[in-house]
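Take a look at the structure set out below.
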Amino acid sequence: DGSTFDVEILTSRVVNNIGEAVCLQASFADITERKRVENQIKENEERLKLALAVSKQGIYDLNIQTGKAIITPEYARMIGYEPEEFSETSESWNTRLHPDDRDEVIKKYEDYLNGLSSEYCVEFRDLTKSGEWKWILSTGKITEYDSSGKPTRMLGTHIDINDRKKIEEENKKLAHIFENSLDEIFLLH
């Protein structure tokens, strides 16, 4: 009918009794559907990458038993690293936590893993590559358990909330000024 489609060609050489090539044998497989699915996956990955970048989010996939995490490039960039120079583990994450946040964050994480809390959602300051503190909102969900019911895998997001925290801090300062002012404050329009 004149239509075109994607094919995969497999070839093999056919030899006679004395090892001489006598012909080439080929088989053709229609891979149109496979290519369509591959393209759809690629488009979905691009959408997800864009959505993560726009929303200032990174994703982690944590092996709870080993402490090693697979992360998205956005996760690394959020704290100032290039993806190829950064690898995440529970231990490295723990050492980057702000000292004032560490105990509370670790307790919430452990409570969630031990079933004492129904969700994992916590805000903390993370140490960036440049040595600055950045506020992160971390959420996660246990997705796999071993045969004895212990959690083995956790998926989640890290969201950059640094701008929101700066605004909250400014609002607190203004509220403190208003509450502690002995003078009357007038707003004229």
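Here are some notes:
- Environment charge of Trp133, counting only residues whose C-beta is closer than 14 Å and scoring Lys/Arg +1, Asp/Glu -1: -1
- Applying a DSSP loop filter and a limit of 16 other Cβ atoms within 10 Å to the GluC sites (Glu not before Pro) in segment 1-97 leaves Glu20.
- Positive-end residue of Met78, Ile64, Asn17, charge dipole of the chain with Cβ unit charges: Asn17
- Rounded percent of accessible protein surface that carbon and sulfur make up, the chain, 1.4 Å probe: 53
- Taking all protein chains into account, the per residue accessible area for the chain stands at 73 Å² (1.4 Å probe).
- Summed over qualifying helices (DSSP H, 4 residues or more, each -39500 (n - 2.57)) and divided by its residue number, the chain shows a 222 nm mean residue ellipticity of -12000 deg cm²/dmol.
- Nearby aspartates and glutamates by direct alpha-carbon distance to Lys42 (threshold 16 angstrom, same-chain neighbours under 8 apart not counted): Glu33
- Listed pairs Lys35/Lys134; Lys56/Lys172; Lys68/Lys172; Lys49/Lys166; Lys108/Lys172 exceeding 31 Å between Cα atoms: Lys35/Lys134; Lys68/Lys172
- Dipole magnitude of the chain, debye to nearest 20 (Cβ charges: Lys/Arg +1, Asp/Glu -1, about Cα centre): 240
- Counted without the sites themselves, the longest stretch of the chain free of chymotrypsin sites (Phe, Trp or Tyr not before Pro) in a DSSP loop having at most 10 other beta carbon atoms within 10 Å is 6-185.
The values are calculated or read from the model by the stated rules, or taken from the named source; none is laboratory data. This structure is a prediction, so every number in the text was calculated from the model and none was measured. Cβ atoms come from the backbone with ideal geometry, glycine included; neighbour counts cover every protein chain shown. With ligands, DNA and RNA removed, areas are computed over all heavy atoms of the protein, side chains included. Shrake-Rupley method; radii C 1.70, N 1.55, O 1.52, S 1.80 Å.
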